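**Student:** Please see the structure below; I have some questions.
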Amino acid sequence: MAIENTGKKLVLLLAVAVPLLLPLLVSNNYYLHVINLAGIYTLIAIGLNLLSGYTGQVSMGQAGFFALGTYVAGLLAINLGIPFWAASLAAIAACALCGAAIAIPAMRLSGPYLVLATVGFGEIIRLILLNWTPVTRGAAGLTAIPLPKFFGWQCSSEAQFYYLIFSFVLLGTYVAYRLAHSKVGRTFAAIREDELAAEAMGVRVNRYKSAAFVLSAIYAGMAGALYGAFSGVASPDNFTFDDSVAFLCMSVIGGSRTIVGALIGSFMLTGMSEALRALQTYRLILYGGILIFTVIYMPQGLAGLAATVRARLRRTAGRSAAASTGGEGKA
Amino acid sequence: MQYLLNGLPIGAIYALVALSYSLIYTASGVLNWSQGDMVMLGAYLGFAFFHFLHFGFTLALLGAMLLVGAIGILVQLCILRPLRKRQAPPINVVIATLGVAIVTRNLALAIWGPEAQIFPSPVSSAPLAIGALSVTRQDLLIVAVAILLMIVLHYLLRKTRKGKALRAVAQDRYAAVLMGVDTEKSDALAFAASAALGAAAGILVAPVFFVTFNMGAGIGLKGFVAAVIGGLGNIPAAIAGGFFLGIVESVAGGQISSGYRDAITFALLILVLWLRPSGLFLRKVRQRV
């Protein structure tokens, strides 16, 4: 028992220390860049998990919210010189509004209809960004998005961005975790399992379904604001249908019914996508193959797989413990 | 009026693709995102038959349909069947078919390269004039072949034993099993027929657009939109949705703005989904979700 406790403490210590000290351990800026990108995608994936994994509303248009967040925050910062925190708040507000708006048709839909409606939403946003040239600068996109500044301290290096993104991921994970393990999370799951039954139990289904949409939009919007400041440039090409699909894959591959799954999925897929870069044309063939393999053989994603393995280990451990006590009893 | 007419051939293409989505969805309840890439494969294989083997147009069309149909069966066998066996959630099925699309598209890129291939039209390029309107012979060919294929499909589904089995599974999967229908076989048939329809759409559209590895993405999405606007799960509704979408696009692109054409299409889609989730051309509201 004591050993197990120490082990747990050690794991917890590592879980806190490694992310905190990561920029010191990883001296390569390229790796840090990929980690930062994965952190931004984690936020989107957490939102998607709340929306799709918990509430059962599949969205293939998250790139739309992500784009909106990037453009609102980016344009405010470029054109009006608004500081990062205020621009982020504006981006979040815009995304929340948009999420509430798309929830109106979405709450009547499910299955392929909902999927297509969200695809449509993502494409509409992208096409507006592409064609509304006087405001969005068209295909050229945004350039020279200012770096975030806090009380005179400017965030510019990969390591500094790492801490900025890391704090948002931490905050986002915490909020989502608390939400998922509260009455709200259980209501989301009830709606996913049986909407009619939930309604019969007095759950205001539509309200919760819209809330899930707004939440996922807020997460994607914050990710967008960070992305714009982090990369400095953004164009409509960064927010295509393929990106929406990639976000959904992160959520499902990681395990959409847990919060930690979002973290696993985004780091897995972002890392894999970078690691396979050397294969060039064959990269995406392999990537697609891995997607297919994962959804067939790990239906609950990597987080689900970890839970199954842990349960199996515990069962074997329990059995051997029972066997040893049984042996003692006989002796 | 000219815009209306221009919308017909692309509408016929969308109708074929919409039909392929609708057929799979009705028969097996699967939303198959690789449908657009079957269109692309059809165009490439048709191109290969036409260019390297010097097949005639009809032979190239049939050959491509047959081969892509076989690929459809392969997808059902290797991907859908294991997913069904594990009772995977629908979202996993969607991602698996997206995976198929990614693999197919990039395989085509690896094999044929990024350049667009030019597929010569089997008919002369001189346009025909009907009064004040003009149409190209290729457009006429597209519409004619598409309608012919729809009639053939209709006949197969209504009159043949396998077609009837497929419709029975579509109506009530469980009851069909009890009646001794092999649902796996009917799923395979649906996948084959859908892929073949997509391939036909690919060959027909190839002389109008160029043949590229990612041509399937746009056509596939539009075909799906057409199927839903018309009414998913109903064959005449999918066809009507296809022609409707083709005409709307042509008019919106010509009269309003070419840049916003697709945005208008998607806005229309969301509006239809909001007001009439069962589609424009389906009277009965059937819960199939």
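**Student:** Cα atoms only, the range B:132-228: Rg and Dmax in Å?
**Tutor:** Values for the range B:132-228 (Cα only, Rg and Dmax): 16.9, 59 Å.
**Student:** Please compute the average number of Cβ atoms from other chains found within 10 Å of each residue's Cβ in peptide B:110-118. Walk me through the numbers before you get to the answer.
**Tutor:** On the way: counts 5, 1, 0, 1, 1, 0, 0, 0, 0.
Average neighbour count from other chains, rounded to a whole number: 1.
**Student:** Below 14 Å, Cα to Cα, which aspartates and glutamates can A:Lys183 reach? Residues fewer than 8 away in the same chain don't count.
**Tutor:** Partners within reach: none.
**Student:** Relative to the longest principal axis of chain B, what angle (0 to 90°, nearest 10) does the C-alpha long axis of helix B:90-112 take?
**Tutor:** That works out to roughly 40 degrees.
**Student:** Sticking with this one: Given the options A:Leu179, A:Leu25, A:Leu48, which has the most mean-square fluctuation in a GNM of chain A, springs set between C-alpha atoms less than 10 angstrom apart?
**Tutor:** Result for chain A, Cα springs under 10 Å: A:Leu25 fluctuates most.
**Student:** Compute the acute angle (0 to 90°) between the alpha-carbon long axis of helix B:215-230 and the principal axis of greatest extent of the alpha-carbon atoms of chain B; round to the nearest 10°.
**Tutor:** 70 degrees
**Student:** Shifting gears a bit: Give the average, rounded to an integer, of partner chain Cβ atoms located within 10 angstrom of each Cβ in B:260-273.
**Tutor:** Neighbouring Cβ atoms belonging to other protein chains average 6 per residue here.
**Student:** Then there is this: What's the ranking of B:17-25, B:92-100, A:309-317 by average number of surrounding C-beta atoms within 10 Å, highest first?
**Tutor:** By packing density, highest mean first, the sequence is B:17-25, B:92-100, A:309-317.
**Student:** For the range A:28-299, what does the relative contact order come out to in percent, with C-alpha contacts under 8 Å and a separation of six or more?
**Tutor:** 39 percent
**Student:** Let me know the mean shielding of A:299-306 by other chains, meaning the per-residue number of their Cβ atoms within 10 Å of its Cβ.
**Tutor:** 1
**Student:** Then there's this: May I ask for the Kirkwood hydrodynamic radius of the protein assembly as shown, worked out over all distinct Cα pairs and given in angstroms to one decimal?
**Tutor:** Evaluated on the protein assembly as shown, it is 25.9 Å.
**Student:** Measure of size requested: the Rg and Dmax of the range A:28-299, with Cα atoms as the atom set and Å as the unit; please supply both.
**Tutor:** Looking at the range A:28-299, its Cα Rg and Dmax stand at 18.1, 56 Å.
**Student:** A further question on this structure: Within chain A, which complete DSSP H helices have Cα atoms spanning at least 18 Å along the helix axis and a mean Kyte-Doolittle hydropathy of 0.0 or higher?
**Tutor:** Flagged H segments are A:2-25, A:29-48, A:62-80, A:84-106, A:111-131, A:158-180, A:205-231, A:241-254, A:260-275, A:281-297.
**Student:** Sticking with this one: Under 15 Å between alpha carbons, and skipping anything fewer than 8 positions from A:Lys209 in its own chain: which aspartates and glutamates qualify?
**Tutor:** Straight-distance partners of A:Lys209: A:Glu193, A:Asp194, A:Glu195, A:Glu199.
**Student:** Going by average Cβ density within 10 Å per residue, which order do the peptides B:103-115, A:62-74, A:100-112 take, highest to lowest?
**Tutor:** Ranking the peptides B:103-115, A:62-74, A:100-112 by packing returns A:62-74, A:100-112, B:103-115.
**Student:** Taking only Cα atoms, what is the 0 to 90° angle, nearest 10, from helix B:235-251's long axis to the longest principal axis of chain B?
**Tutor:** Helix B:235-251 sits at roughly 30 degrees to that axis.
**Student:** What dipole magnitude, in Debye to the nearest 20, does the range A:28-299 give about its Cα centre under +1 on Lys/Arg Cβ and -1 on Asp/Glu Cβ?
**Tutor:** On the way: 14 positive and 10 negative charges, 87 e Å.
My answer is approximately 420 debye.
**Student:** Under 8 Å for C-alpha pairs, at least 6 residues apart: give me the relative contact order for chain B, rounded to a whole percent.
**Tutor:** 39 percent
**Student:** Straight-line reach only, C-alpha to C-alpha below 16 angstrom: list the aspartates and glutamates that B:Lys85 could link to, leaving out same-chain residues fewer than 8 apart.
**Tutor:** B:Lys85 reaches B:Asp182, B:Glu184, B:Asp187.
**Student:** Right, next: Let's see if you can work this out: charge +1 on each Lys and Arg Cβ, -1 on each Asp and Glu Cβ, no other charges. What is the dipole magnitude of chain B about its Cα centre, in debye to the nearest 20?
**Tutor:** In total the dipole reaches around 1080 debye.
**Student:** Which order do the peptides A:294-306, A:120-132 come out in when sorted by mean C-beta neighbours inside 10 angstrom, highest first?
**Tutor:** Per-residue Cβ counts within 10 Å, averaged per peptide and sorted highest first, yield A:120-132, A:294-306.
**Student:** Another question about this same structure. Would you mind pulling out the separation of the Cα centroids of the range B:199-244 and the range A:105-120, in Å?
**Tutor:** When both Cα centres are located, 19 Å separates them.
**Student:** Mind jotting down the three principal axis lengths of the range A:51-124 based on Cα atoms? Whole angstrom, largest first.
**Tutor:** Ordered largest first, the range A:51-124 gives principal extents of 43, 22, 19 Å.
**Student:** May I ask for the Rg/Rh ratio of the range B:2-275, computed from Cα atoms with Rh as the Kirkwood radius, given to two decimals?
**Tutor:** In the range B:2-275, Rg relative to Rh is 0.97.
**Student:** Answer with one residue from B:Ser134, B:Phe209, B:Gln171: the one whose Cα lies farthest towards the positive end of the charge dipole of the range B:125-212, charges on Cβ with Lys, Arg +1 and Asp, Glu -1.
**Tutor:** Farthest towards the positive end: B:Gln171.
**Student:** Okay, moving on. Rounded, prolate or oblate: which fits the range A:105-223 when a ≥ b ≥ c are the square roots of the eigenvalues of the alpha-carbon gyration tensor, with rounded for a/c under 1.5 and prolate only if a/b beats b/c? Don't skip to the answer; put the middle values down first.
**Tutor:** On the way: a/c = 3.68, a/b = 1.43, b/c = 2.58.
The shape class here is oblate.
**Student:** With a point put 7 Å past each Cα toward its Cβ, work out how far B:Arg86 is from A:Leu14 in nm, to one decimal.
**Tutor:** If labels sit at B:Arg86 and A:Leu14, their model points lie 2.7 nm apart.
**Student:** About the Cα centre of the protein assembly as shown, how large is the charge dipole given +1 on each Lys and Arg Cβ and -1 on each Asp and Glu Cβ? Please answer in debye to the nearest 20.
**Tutor:** Rounded to the nearest 20 debye, it is 1840 debye.
Here, each number is a calculation from the coordinates, and none is a lab measurement. Bear in mind the structure is a predicted one, so any value in this text is a computation, not a measurement. Methodologically, a virtual Cβ is constructed for each residue, glycine included, from the backbone with ideal geometry; neighbour enumeration extends over all protein chains shown.
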